[in-house]
Every structure is written in structure tokens, then in C-alpha cells.
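Since the structure comes first, as C-alpha cells, the remarks are kept for the end.
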Amino acid sequence: MSAYMVPAQDYLFLTEFARAYALSVYKSPKLADMREAAAGLSAILDIEMNLHVKLCAGWGLSPSDLEQTPPAVEMLAYKARNPYDFSDQSGACGRRLNSRSLRRIFL
């Protein structure tokens, strides 16, 4: 993986991480849990990803470059090891996903 692929893979991971938080909002049983997960989602989308895009711009990578980068095997392997399928919008994974469970998974 080239040195410039790493920032692009981080960007793709952040995108998946944001999807997990979005799913957490959807699956949260209480309004307080929804608000907590939404705050995490906002932090990822509005702060972390913007900082990442600015950092990557310093290496000559545009937002379009980041979005068009195919996911590396390592990123897909990490995603596959996660007990929650980030792309499962139907909730078919059968597990309750909220901000507390996200913290247990990722922190």
C-alpha cells in the first residue's frame, strides 16, 4: 500500500464508522441514546472528516480522490472482523447497536 493510500483508507474507514453511528441512531431505544449517537455521528461527519480532508489536501489528495479510492484488503478485513455489519441497514445482524455498544466495540 503506497504512503498516499493510507490517508485514503482512513477516510474510507471514517465513512464506515459514520455509518455505524447512523445505524446506532436508528437502533437506539431511547431518545437520549439517539441524541448521544447523533452527536457522535456529527463529530465524525462535521469535524473529523473535514480535518482529514484538509490533511489529505496537503498531500495533494482531493475529496474526489479519497472517495474514488477502492478499499484495501486490510480495511475490508477490519470491517469483516467487526461483529456489526456496518452496511446492514435492515438490522438483520440481530444485535442492539447504540452509542454505548459502539464505545465497547471501538474504544
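Which one is farthest from the chain's Cα centre (by Cα) among residues in region 40-77 that are hydrophobic (A, V, I, L, M, F, W, C), more than 14 Å from MET5 (Cβ to Cβ) and surrounded by 13 or more Cβ atoms within 10 Å (Cβ to Cβ)? That would be ALA57.
Inspect region 5-26 for any residue being among the acidic types (Asp, Glu), part of a helix (DSSP H, G or I), surrounded by 15 or more Cβ atoms within 10 Å (Cβ to Cβ) and modelled with pLDDT of 90 or more and give the result as yes or no. Checked against the condition, which is being among the acidic types (Asp, Glu), part of a helix (DSSP H, G or I), surrounded by 15 or more Cβ atoms within 10 Å (Cβ to Cβ) and modelled with pLDDT of 90 or more, region 5-26 yields no hits at all.
The values are calculated or read from the model by the stated rules, or taken from the named source; none is laboratory data. Since the model is a prediction, treat every value here as computed from it, not as a measurement. Glycine gets a Cβ as well: all are built from the backbone with ideal geometry, and neighbour counts include every protein chain shown.
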